[in-house]
Each structure stands twice: as structure tokens, then as C-alpha cells.
Amino acid sequence: MASIVPRPKKSGDITYQVKWRQDGEWQTENFGGEEGESQAAQFRKLVEAHGNRWPHGWVKGRGFVEPDTNPDDVDLLTWAHRYVDGLTGISERTRADYRRDIDRHFGGVLYRREDGTEVRLGGLVHTPAGGGPAVAATVCNVTVDDVRRWVRAQEDGVPHPDKEGEWLRQEASGKSIANRHGLLYGTFQAAVETATPLRSDNPCAKTRLPRGDDGIEEEMTFLEHDEYARISSCLREIDADAADLADFLVGTGLRWGEASALQARDVNLARRTVNVQRAWKRKGDSATFELGPPKTKRSRRTLALSEGQVEMLRRHLMGKQPEDFIFRGGMGKAWRHSNFFHRKWQPAVKAAIERGLTKRPRLHDLRHTHVAWLIEKNIPLPAIQARLGHESITTTFDRYGHLVRALDGEIAAAVEAAMGVPAPRALRTVV
């Protein structure tokens, strides 16, 4: 419930403050002048009628502002780009990805009809509550219903308007929708929190999003030891150095960008460890790469190596300077994922399939396979989390927890033993 609090001023005038809780935080609006008390009473009724929320269209300190006449209103895409351009603490690659999502998904798909006219489909638009054609989205005119329709359009996809059965854009995954919605949320929150607020609420605040995993486990391929050995053998016939890199990936669980960025100075042969300090990152143009920090803070880590891995690294370190890359392609430069995948990995997998392999793993599946092998040996998930460089144990458990079945027998035996303990006999009272 909203309340009205009179606040006298030194001048003798009284300001009437309407006060209520919205989403756990106090909200206030002030009214002064001769009609201040009656205006505060009317506004309180409006707040309560809207479920203790800011009335739609009301801008704090200004009252109801029609979107079409708001002098501060701006095109949503313009504002979103301005918001992203002002973000700090993100890479240029991330900024470029945000700009792409704004144009593609806030703006929709540009389609040219046969008569030459152009129309955007699937983007965020404003549909008037009283009916009528949709209009371009602005910072002020977008409503909660507009955002919900936008989310549903992504779930359903954008069918081709003239070709039955074809699509201009396929339906999006729950994770992709959540990422785009988060960007839209930040865009509107900036409009709410700017020095002169453009609107009083965030229309994304109450959106119910689809499940991030769509109810389906991430498609991961786990290789048995003999299955990987078959791929490794085929890869070694193609390129022994490439096979060493693949063995290192499956033996350490490192991400491709981490393993291919390792330099000679990162290896300590005496301690049998490798230190992960950097990884390859895409630049803003999405075509070139640069060295940067690993994915998360926990990704900076030191991994123990097996004796076989130490001997393999010893061979690759011969004659190298401290900043030379350990794993290098034919030109003596660090491997690029696309080159390794298309020229080495895919041919090796194809050859292994011809020899009986029934799976078609990606390079990243070597990381998943590494985890499966550790779980098979009853290595605890917290230790696996540290080895993989996951920021949270939740990430490790959500992704690999379903593989932890090796302890089922021991757990069942422990429960059986606990439940099988006989109840203590009642003590006799000696008189």
C-alpha cells in the first residue's frame, strides 16, 4: 500500500510525498503547491491501481508524458548504440557483438518485398494499446507487452512472408534470448537512471524468459579411451605435432585458446606444471586475434602434468625462447583454430569413422572428454572445477554433474549400512 507523508519546509509550505515499495525498494514522488495534497491522493490511487508500481507513462517529477510528444524521446536503436558505446570494462570484441545484436535483433530482419518496399520483421516495435499499426520502438514508447511479443517472436522464429516453409530467421535458443534480453534490460535501465530520466520504469523487469537450456542438455560428445586413441592414431599419421596438441588438450582439459597460447616460459619441467596466464581473443572485427587474459579470474591457474606430458613438452621446448609458442603450425606460428580444425582434426575424425568410430567430436569435446575421464576415476567436482578454471562450482556441476554415477554403488552401500543399524534396546529400570 502507498502512503502520503507531509513534509513541511522552512518557508511554511508543505510537500506531500507519496511513498511505496516496488520490487523491494522504496519509491517516492512529491507534490507541492495549493493542490499538492489532492494531487498526492490521486497519485496514490494510481500507484495502488497499478499494483504498487509506477503508473505507465508517468515520468518521475514530470507526470504523464506522452511518448509521441516527449522532447527527450529517442529512437531505441540510437539509444542502445549510445549505451553500448559508453560501457566500460568490456573488450572491443564484446562491444562489437553488442552492436551486432542491437542491429540484428532489436532492429529485426530487413526484408525487401517484390514491389520494392522494405519492411523489418521480428524486431522490437511498439503496438498501441488501443489498436492500430505498430510503430518504431523508442526509449519511451516500449511497453512490457511489446517486450513479451519480441521474446515470443524469437522463440517462434521469423517465417518467410512469401515462401511457405522457409524462414528469414530460425527460432532462437533460450540462452540466446536471455543474452539479448539482458542487453535490452541494460539499455532501458540506462534510460531510467540517466541524470534526466527518460522513463520511470524498465519494461524488461518482469519478462518471463524461456529456459536457458530449452530443457535439453548441451550437445556434448564424450569419448571412451579407445575411441580417442583411434582419432589420435589417425591424427598422428597426418601430423605428429598436431597429434601432440590434441593429446595435450584431452590430457589437461585446457580450452583451445589457452593451450594454443602457451609459451615456453609457462612450463616448469622440474615441478611438472604448466601455468595458464593468457588466451587468444577475437578482436572487434571478429576476424583477427590477439593475446589477452583467460576467460575468467579462476582461469589463471597452474596444472599438474603427467610424466608423459612432461616428456612431450620437453621435446617441443628444445631450442625455444621464453616467449615462443609451444605448439606451432607448419609456418612456425601459433596454431589457429580454423586451420587446425579443417586441415588436421576433421580429416583425422573422418579417417577414424572409416575405421569404425561412431561419433563425430568437436575439438572442444576433448575438454568434455577430459572431465569424463576424471569423473570416471572419482575425482571430486571441486578439484575438477579448479582444473578447468570454472568461476563457480555451479557451472561444473550443471555441465557435468549428470556424469557422476561412479559413486552410486558406494552411496547406496552407505545408506544401506546406516538404515541397517538396529535400534537400541530399552534400558531396564532396577528397583
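The values are calculated or read from the model by the stated rules, or taken from the named source; none is laboratory data. No experiment lies behind these values; they were computed from the predicted model shown. No Cβ is skipped: glycine too gets one built from the backbone with ideal geometry, and neighbour counts run over all protein chains shown. SASA here: full protein model, heavy atoms, side chains in, ligands and nucleic acids out. Shrake-Rupley method; radii C 1.70, N 1.55, O 1.52, S 1.80 Å.
Of all residues in region 47-57, those that are surrounded by fewer than 18 Cβ atoms within 10 Å (Cβ to Cβ) and not in a loop (DSSP other than H, G, I, E, B) total 2. Give me the residue from region 379-406 that is modelled with pLDDT under 85 and open to solvent by 60 Å² or more (accessible area, probe 1.4 Å) and, out of that set, farthest from the chain's Cα centre (by Cα). Here the residue is Arg405. Going by the structure shown, is Leu313 open to solvent by less than 40 Å² (accessible area, probe 1.4 Å), among the hydrophobic types (A, V, I, L, M, F, W, C), touching a strand residue (DSSP E or B) at 6+ places or on another chain (Cβ under 9 Å) and modelled with pLDDT of 95 or more? It is true that Leu313 is open to solvent by less than 40 Å² (accessible area, probe 1.4 Å), among the hydrophobic types (A, V, I, L, M, F, W, C), touching a strand residue (DSSP E or B) at 6+ places or on another chain (Cβ under 9 Å) and modelled with pLDDT of 95 or more. Among the residues here, Lys281 does not qualify as within 23 Å of Ser338 (Cα to Cα), open to solvent by 40 Å² or more (accessible area, probe 1.4 Å), in contact (Cβ under 8 Å) with a residue 12 or more places away in the chain and outside any strand (DSSP E or B). Go through the residues of region 179-194 one by one and say whether even a single one is under 19 Å from His81 (Cα atoms), hydroxyl-bearing (Ser, Thr, Tyr) and touching a residue at least 12 places away in the same chain (Cβ under 8 Å). Checking region 179-194: at least one residue is under 19 Å from His81 (Cα atoms), hydroxyl-bearing (Ser, Thr, Tyr) and touching a residue at least 12 places away in the same chain (Cβ under 8 Å). Of everything in region 122-141 that's in contact (Cβ under 8 Å) with a residue 60 or more places away in the chain and not in a loop (DSSP other than H, G, I, E, B), which residue is least open to solvent (accessible area, probe 1.4 Å)? Step by step, filter region 122-141, then rank; the result is Thr138. Of all residues in region 142-183, those satisfying the criterion of being over 26 Å from Glu219 (Cα atoms) and in a helix (DSSP H, G or I) are Val144, Asp145, Asp146, Val147, Arg148, Arg149, Trp150.
Apart from one condition, Glu307 fits all of (1) in contact with a helix residue (DSSP H, G or I) (Cβ under 6 Å, 6 or more places away or on another chain); (2) within 23 Å of Leu374 (Cβ to Cβ); the exception is (1).
Do we have Asp162 as touching a residue at least 40 places away in the same chain (Cβ under 8 Å), buried (at least 20 other Cβ atoms within 10 Å of the Cβ) and either among the acidic types (Asp, Glu) or at positive phi (or both) here? Answer is no for this residue.
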